[in-house]
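Reviewing the structure listed below.
The values are calculated or read from the model by the stated rules, or taken from the named source; none is laboratory data. Keep in mind that what you see is a predicted model, and the values were worked out from it rather than measured. Virtual Cβ from ideal backbone geometry, glycine too; neighbours counted across all protein chains shown.
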Amino acid sequence: MFIVLEGIDGCGKSTHARLLSKWLEESGKSVFLTAEPTKRPVGKLIREILSGKIKVDPRTLALLFTADRVEHVNEMKAALAEGRIVVCERYYHSTVAYQAAQGVDREWLLRLNDFAIKPDLLIFLDVNPKMGAGRTSTGEIFEREEFLKKVKSEYRKFKGMKVIDSSRPQETVQRDIRELVSGLL
């Protein structure tokens, strides 16, 4: 099973990916917890760009995310072939939402990511952009309320997402995530 957690900055993706993975492992499942950008060389370059240290065209950033994803997809396919549950924090949906919010053509972004395997479960952790921006502390270039409003609008264009209100208490959000996952186990 391949599970992706998506959402704007500050929605709780990292926390809930960790909590979900721990719960699955405690249930006897083998889990591969992963995230994008990866910790590979291209992922490290992306993190430098997100920090504001390096400036690039939004299309360049989309291409870098996609290049990082090629190797990541191979790694996730291997984990799935081993029978592991893959829990991924951010995936191609983030590239589409964030770079489309920067003005990059959405259809081009989707075509660019045609190779990406589709998740069995796509969870969108929904939070008000003001709350999301207030929860962030990394200082990344996208962590601004007005920009996150555009990103959220782009996310909402995806079909088949399960939407969970992540402005509620952590335990409530995690319970809802586990219910969705339990329905697929």
With the requirement that a residue be of a type outside the set (Lys, Arg) and in contact (Cβ under 8 Å) with a residue 12 or more places away in the chain, what does the stretch 40-63 give you? Val42, Gly43, Leu45, Ile46, Ile49, Leu50, Ser51, Gly52, Pro58, Leu61, Ala62, Leu63
Qualifying residues in the stretch 119-130 (those that are farther than 17 Å from Glu89 by Cβ and surrounded by fewer than 21 Cβ atoms within 10 Å (Cβ to Cβ)) - the one farthest from the chain's Cα centre (by Cα): Lys130
Could you please let me know if Leu110 is touching a Phe, Trp or Tyr at 6+ places or on another chain (Cβ under 9 Å), in contact (Cβ under 8 Å) with a residue 24 or more places away in the chain and in a helix (DSSP H, G or I)? no
Would the stretch 132-150 turn up any residue that is closer than 17 Å to Lys13 by Cβ, of a type in the set (Val, Ile, Thr) and either modelled with pLDDT of 95 or more or under 14 Å from the mean Cα position of the chain (by Cα) (or both)? no
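Let's see how each residue does on (1) surrounded by 19 or more Cβ atoms within 10 Å (Cβ to Cβ); (2) closer than 25 Å to Val163 by Cα; (3) acidic (Asp, Glu):
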residue	(1), (2), (3)
Phe2	yes, yes, no
Ile8	yes, yes, no
Arg18	no, yes, no
Phe32	no, yes, no
Ala78	no, no, no
Gly83	no, no, no
Arg90	yes, yes, no
Val96	yes, yes, no
